[in-house]
Each structure stands twice: as C-alpha cells, then as structure tokens.
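Visitor: Pasting a structure here, questions to come.
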Amino acid sequence: MMNNMQLSFDEITDGDQFEDLVADYFRKLKDEPENNITNVEVLQSGVGTDGGRDILIELDLSDDIKIFKRKWVVQCKFHKDTISPGKINSINIPTLVHSYGAAGYLLICKSRPTSGLTEFFERLNKECKDKYQYECWNGNQFLKKLYVREDLHPVYFPKYNLNISSLKHKA
C-alpha cells in the first residue's frame, strides 16, 4: 500500500455513489458551528430522469438575529471527461431554480468543466434578472472540501482512510 496515497474519486464506483457522497457532504455541514448552519435538509431525486436536479438542499442559516432558509438545486456529474454545456443543455437552469424556489444552482463534477461551461455560468450570473446564483465545483475543488470531512472517509474512501489511519498509528 502506498504511503503517499491521495484522496481521489478512484474509490467512488459510479454516479449514484458520487451523488450519495455529495448528499452526505451537505448533511454534515450542520456539524460545523463556524458555518452558522442550524439545519440541513437534503432531498435526493431518486433513480431515473431527474430533470437536472439530483439533490435539493435546504439550509437554515443563522445570523444571530434570525434564522433564514436558503435552497440550492444541485446536479452531480460523474463523468471521466470534461463537462461541456452540452452535458447540461437539456434543461433550462433558471427555470429549474425558479420552480424549486431556490437561490441557485450548483453543478458538482468529478472532472473539470470546459471553458465553454465556465463562460456559460459566468453569463448566467451576470445576466440573471432574478439574482439566482450559478456555481460549478470541479473535482479538485470538491476533493479539497472532502479532505477535512474525515467522517466521510471510511464510507466513501476506505482505502485512503485505512492508509491514513495506519500512518497516524505509526507516528
């Protein structure tokens, strides 16, 4: 076993497991007091055509005066190749966000988005009349967030977790 093993999506077997990982990541946000998140509800769309929504996240946030809700529509793409606008082209994202009463849309990719997709999201953010937010996390961005979520490592990254645990015991 390699001692310099990196956290990677190689241990994730398919898109369903990737979607479960994303859902569990957001469920765990309420365990971090520095986020001011008091509750997180995660609704997964289930098996079949999802119309662009894999997960609906509703966050309860506190600003020490009041608790307010924020919803995000999340789509997960577990493709080896880069993600282009064509891979999400079949949906009208602003209409989707509006239909759920959400604040925005988050695309989480295993790989990287193309420059065309990045430009598409920039244009949506700039031109959206309803002030919805459009975000895209590439695989490296999401992995950086997962490094600190050690509670998810045994479930989704068992080989990495075993390696790190053995290194900690040797130290």
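Visitor: Give me the mean projected area, in nm² to one decimal, of the convex hull enclosing the Cα positions of region 11-170.
Guide: Values: hull surface 43.0 nm².
That works out to 10.8 nm².
Visitor: Give the aspartates and glutamates whose C-alpha is closer than 16 Å to that of residue 28, dropping any in the same chain fewer than 8 places away, or say none.
Guide: Candidates past the 8-residue exclusion: 19, 20, 41, 58, 60, 150, 151.
Visitor: Full extension from residue 13 to residue 115: what is 0.36 nm times the residue separation minus their Cα-Cα distance, to one decimal in nm? Intermediate results must be reported in sequence, preceding the final value.
Guide: On the way: separation 102, 0.36 × 102 = 36.72 nm, distance 2.69 nm.
Difference between extended and current length: 34.0 nm.
Visitor: My understanding is that a pair violates if its Cα-Cα distance is over 26 Å; which of 69/159; 77/168; 66/144; 80/144; 66/131; 80/129 do that in this structure?
Guide: Details: 69/159 37 Å; 77/168 33 Å; 66/144 31 Å; 80/144 18 Å; 66/131 22 Å; 80/129 34 Å.
Too far apart for the 26 Å limit: 69/159; 77/168; 66/144; 80/129.
Visitor: May I pose another question? Quick one: if the Förster radius is 35 Å, what FRET efficiency do residue 66 and residue 135 give, using the C-beta to C-beta distance and rounding to 0.05?
Guide: For residue 66 and residue 135, the calculated efficiency is 0.90.
Visitor: Calculated from DSSP H runs of 4 or more alone, at -39500 (n - 2.57) each and per residue, what is the 222 nm mean residue ellipticity of the chain, nearest 500?
Guide: Working: 6 runs with 59 residues, N = 171.
So the helix-based figure for the chain works out to -10000 deg cm²/dmol.
Visitor: Are there any trypsin sites (Lys or Arg not before Pro) in region 89-171 that are in a DSSP loop and have at most 11 other Cβ atoms within 10 Å? List them by number. Present the calculation step by step, with values, prior to reporting the outcome.
Guide: Values: sites: 110, 123, 126, 129, 131, 144, 145, 149, 159, 168, 170; in loops: 110, 129, 131, 149.
The qualifying sites are 129, 131.
Visitor: Over region 11-170, what relative contact order in percent results from Cα pairs under 8 Å that are six or more residues apart?
Guide: Working: 237 pairs, mean separation 29.6, N = 160.
Value for region 11-170: 19 percent.
Throughout, read-outs are computed from the coordinates displayed, never taken from laboratory work. Because the structure is a prediction, the values reported are computed rather than measured. Neighbour counts run over all protein chains shown; Cβ positions are idealised from the backbone, glycine included.
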